[in-house]
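What follows is a set of notes on a single structure, which appears directly below.
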Amino acid sequence: MQQRFLGRTGLKVSRLGLGTLTWGRDTDEHEARDQLKGFVEAGGTLLDTAAGYGDGASEELIGELLGDVVSREDVVLATKAGVRRTRGAGSGQRTREINVSRGNLVRTLDESLRRLGTDHVDLWQVHTWSDETPWEETLSALDYAVSTGRALYVGVSNYSGWQTAQAATWQRAVPGRAVLASNQVEYSLVNRYAEAEIVPAAGALGMGVLAWSPLGRGVLTGKYRTGTPADSRAASPHFADFVGAYLDARAARIVEAVARAAEGLQWSPIDVALAWVRDRPGVSSAIVGARTAAQLRGSLAVEDCALPAEIRAALDDVSGPRPSPAVD
C-alpha cells in the first residue's frame, strides 16, 4: 500500500488507515485479529483508535493484539483523548462528555499507554475542541506528551478551520512547542464540509488531513439503498442515529451516482467512494472501519483503483453542498 507523509512532517502513514471505533464492543477479538493481520499484510500501517472508543475497550483489544498478531514496529499507532461516554446517575443513559483540560488529557494519555501496552504512541490527538477550556492549556498537554516521549507526533481532531489555524499558529509561534501534524475530520462524498476551510488551513500550516468515515458512515456502500439490513450499523442501538443522519434524499442521490459509477467501471461502490476521498488534495489517509475481516478486504481492494477525471467531476457535482461537521 502506498505510504504518504503526514503533512509536512517526517511521519509516513498508509493512505488507508484502519479504524477501530467498534473494537471490543461490536467487533470481537477474533474479527479484530483477522482485520489487523490482513491490514498489515496488505501494507497498511496507520492504526487509529481513541480512549473514548468503547470506554477504552478498543485500546485494550489493540494492546492484546500488538506483539501477538503484528509487531508494534509494523504499525503507526494513533489515539485520541478528550471525549468519553458517561452513564447518568439512575438514568442508564450514556452521555457524551468533553474534557480537554491539561490534567485530564495527560491522565488519559497515561491510561491509553497502559491499555495499549506501549511506552509511546506515534500520533496523539485532541479528540475535539471545547470552549470550556482555554485552548492554550489544551495545547500545552501536547507539548508535554512530546517532550516526555509519550507521543512522537501530535495533532487535533474535529477542529474547524479557524480552530485549526489558531492552534497550529500558536504551536509554531515559539520554538520548542510541538508542531501539529494533522487534523482528523469527517470527510466523504456525503460530507464535504472540510473542504471549505479545514483542508485549506491544514495545507497552509503543513498539516495532513486524516479523513474519518470516508464511506459516509457506511451509507456509500449502497447497503441501505432498499432498507436497513438487520446486521448493519444503522440497526445497532449504538449507531442508529449516527448512520441515520445520512439516510435522507440528498444522500440517496449521491449513493445512486456512486452505484452508477461503480457499474460503469466494474468496481464496487466502496472502491468508488474510497478512491474519491483518498485522493482529494490534502488527505494523507482515509480511515476505514469494518464489521468483519471480509468487509475490510473489500475496502483494501481500492489500492489498485484510480478514478477517471470525468467520473470524479460528476461525483463532485452531485455531492454538493456540504453538510455541517460532526464528531465521531
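The values are calculated or read from the model by the stated rules, or taken from the named source; none is laboratory data. Fair warning: this is a prediction, and the values are worked out from it, not measured in the lab. Positions of Cβ are generated from backbone atoms using ideal geometry, with glycine treated the same way; all protein chains shown enter the neighbour counts.
Here are the numbers:
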item: Flag if Ser112 is of a type in the set (Gly, Ala, Ser) and under 20 Å from Arg177 (Cα atoms); result: no
item: Output for the stretch 1-10, where each listed residue is within 16 Å of Asn183 (Cα to Cα) and under 17 Å from the mean Cα position of the chain (by Cα); result: Arg4, Phe5, Leu6, Gly7
item: Any hit, the stretch 34-47, residues being touching a Gly at 6+ places or on another chain (Cβ under 9 Å), modelled with pLDDT of 95 or more and of a type in the set (D, E, K, R); result: no
item: Meets criteria (of a type in the set (D, E, K, R) and at pLDDT 95 or above) for Arg4; result: yes
item: Residues of the stretch 1-35 satisfying the condition of being part of a strand (DSSP E or B), in contact with a helix residue (DSSP H, G or I) (Cβ under 9 Å, 6 or more places away or on another chain) and free of Cβ contacts under 8 Å to residues at least 60 places away in the same chain; result: Trp23
item: Condition broken by Ala313, with the remaining ones in (1) modelled with pLDDT of 95 or more; (2) over 19 Å from Ala211 (Cβ atoms); (3) under 16 Å from the mean Cα position of the chain (by Cα) satisfied; result: (3)
item: Only one of Gly244, Gly289, Gly298 that is in contact with a helix residue (DSSP H, G or I) (Cβ under 7 Å, 6 or more places away or on another chain) and under 21 Å from Val185 (Cα atoms); result: Gly244
item: Tally, over the stretch 202-227, of residues that are surrounded by fewer than 24 Cβ atoms within 10 Å (Cβ to Cβ), over 30 Å from Glu263 (Cα atoms) and in contact with a helix residue (DSSP H, G or I) (Cβ under 7 Å, 6 or more places away or on another chain); result: 1
item: Tabulated pairs, the stretch 72-83, first more than 20 Å from Arg15 (Cβ to Cβ) and part of a strand (DSSP E or B), second at pLDDT below 95 and among the basic types (Lys, Arg), C-beta under 7 angstrom, 6+ apart or interchain; result: Val83/Arg96
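Residue-wise test of (1) crowded, with 23+ Cβ neighbours inside 10 Å; (2) among the hydroxyl-bearing types (Ser, Thr, Tyr); (3) over 30 Å from Lys12 (Cβ atoms); (4) touching a Ser or Thr at 6+ places or on another chain (Cβ under 7 Å).
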{"position": "Ala259", "(1), (2), (3), (4)": "no, no, yes, no"}
{"position": "Ser268", "(1), (2), (3), (4)": "no, yes, no, no"}
{"position": "Gly282", "(1), (2), (3), (4)": "no, no, no, no"}
{"position": "Ala286", "(1), (2), (3), (4)": "yes, no, no, no"}
{"position": "Thr292", "(1), (2), (3), (4)": "no, yes, no, no"}
{"position": "Arg297", "(1), (2), (3), (4)": "no, no, no, no"}
